[in-house]
Amino acid sequence: MNNQKCCPTFAPFVQTLKNYILVHDLGYECLNIGAANISGLEIIKDKFETNEEYPLKWNSGYNYAQNKIFDFGDVEAYLSHEFLHAFTRLVNDKISLVGFFRETENYNFFFGLNEGYTELLNKRIFNNYTRTHYDLFLDIIRIIEFMFDDYRDMERSYFTCNPFYIYQNFCKYGTKSEFVYLCEQLDIMAKTRIEEKQVTNLKNMLYDIIKENNIMNYEFEMALDDKHFTKRKVS
Ligand SMILES: [Zn+2]
């Protein structure tokens with residue numbers, strides 16, 4: 001991956017992310033998807049255009065069809081979040097994949113799951129703890145991550161645009177319909193205002209699923225600790 005080719009604003013992000021992927025041995029495939037987008041990535045200093053499906057107005061956003069980041073407020077944490085979207089974009093004329101998000105002519109799904117996990121990685125990789133719209137999601141995302149025996153596998157799935165592994169890991173504990181319900185709720189929440197009550201309901205659902213499966217309490221509580229999770233290192 002050649003830093004010279006990318007817009008200078010993103011050069012530090014490229015370096016940090018590249019190091020992260022290499023140090024944690026996530027695999028070259030993760031770098032290849034990113035490299036294909038970064039050279040043509042543009043930054044537009046404007047609000048992100050919204051449409052009827054996304055009723056909120058955003059100070060930043062990523063247009064994956066055009067590979068353009070919109071940035072209005074110049075907040076580094078927003079910019080690195082959008083950068084992660086650009087880094088995980090795999091688009092052809094039949095399907096658009098961005099991290100876990102997928103869209104075809106007939107459906108789009110995993111929008112909320114992708115936003116929440118992107119924000120988790122934004123904090124973990126770039127050490128930037130500015131609050132964002134998706135912070136309320138983080139507890140839910142942490143529980144999903146906890147369902148992986150090795151959480152690096154979830155990172156690998158993200159960087160290779162493959163939500164299938166999440167489904168597989170979730171189904172070690174919960175059912176297919178619980179998984180679909182969870183992802184649908186996350187989609188709704190990400191596209192509208194996030195209410196604490198919705199978050200609590202989903203967390204409770206996940207707690208119950210986990211409890212039924214006898215995951216050690218202590219280990220689980222540890223996993224929900226903010227610093228432990230977002231800054232989690234290989235022990
Ligand atoms: Zn986002």
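Every number in this text was worked out from the coordinates using simple rules, so none of it is lab data. All values reported here derive from a predicted model rather than from experimental measurement. Cβ coordinates were reconstructed from backbone atoms using ideal geometry, including for glycine residues, and neighbour counts include every protein chain displayed.
Under 15 Å of direct C-alpha separation, and excluding same-chain neighbours fewer than eight residues apart, Lys197 reaches these aspartates and glutamates: Asp135, Asp139.
Gain in length, His133 to Ile44, computed as 0.36 nm per residue apart minus the alpha-carbon separation, to one decimal in nm? It would help to have the intermediate numbers written out before the result.
Numbers: separation 89, 0.36 × 89 = 32.04 nm, distance 2.07 nm.
Gain on extension, His133 to Ile44, equals 30.0 nm.
Please report, to one decimal in angstroms, the Kirkwood hydrodynamic radius of the stretch 93-214 built from all distinct Cα-Cα pairs. Don't skip to the end; give the middle numbers.
Values: mean 1/r = 0.0681 Å⁻¹.
Hydrodynamic radius (Kirkwood, Cα pairs) of the stretch 93-214 is 14.7 Å.
Here the stretch 124-161 is scanned for amide nitrogen atoms under 11 Å from the site 7 Å beyond the Cα of Asn59 along Cα-to-Cβ, giving 131-133. Taking Gln66, Gln185, Gln198 as the candidate residues, the one with maximal mean-square fluctuation in a Gaussian network model of the chain, Cα springs under 10 Å, is Gln66. Note on the chain: with a GNM built from Cα contacts shorter than 10 Å, the maximum mean-square fluctuation among Asn114, Asn204, Asn162 falls on Asn204.
So how much slack lies between Asp93 and Glu184, counting 0.36 nm per residue of separation and subtracting their Cα-Cα distance, in nm? Kindly include the intermediate steps, with their values, before the conclusion.
On the way: separation 91, 0.36 × 91 = 32.76 nm, distance 2.47 nm.
Here the answer is 30.3 nm.
Positive-end ranking of Thr16, Gly61, Phe72 along the dipole of the chain, with charges on Cβ about the Cα centre, is headed by Thr16.
Against the compact-protein benchmark of 2.2 N^0.38 Å, the Cα-based radius of gyration of the chain scales to 0.98. Could you list the GluC sites (Glu not before Pro) in the stretch 70-142 that lie in coil according to DSSP, counting only those with at most 10 other Cβ atoms within 10 Å of their Cβ? Answer by residue number: Glu105.
Projected over every direction and averaged, the convex hull enclosing the alpha-carbon atoms of the stretch 100-147 yields 3.9 nm². In plain terms, the bigger the Kirkwood radius, the slower the diffusion; for the stretch 47-161, with that radius from Cα pairs, at 37 °C and 0.692 mPa s, Stokes-Einstein puts D at 224 µm²/s.
Divide by every residue of the chain the summed helix terms, -39500 (n - 2.57) for each DSSP H run of at least 4, and state the resulting mean residue ellipticity at 222 nm, rounded to the nearest 500 deg cm²/dmol. Write out the running numbers ahead of the final one.
Details: 11 runs with 122 residues, N = 235.
Result for the chain: -16000 deg cm²/dmol, rounded to the nearest 500.
Measuring against 27 Å, Cα to Cα, the residue pairs Lys191/Lys211; Lys18/Lys45; Lys68/Lys123; Lys94/Lys172; Lys47/Lys203 contain Lys191/Lys211; Lys94/Lys172; Lys47/Lys203 as the ones spanning a longer distance.
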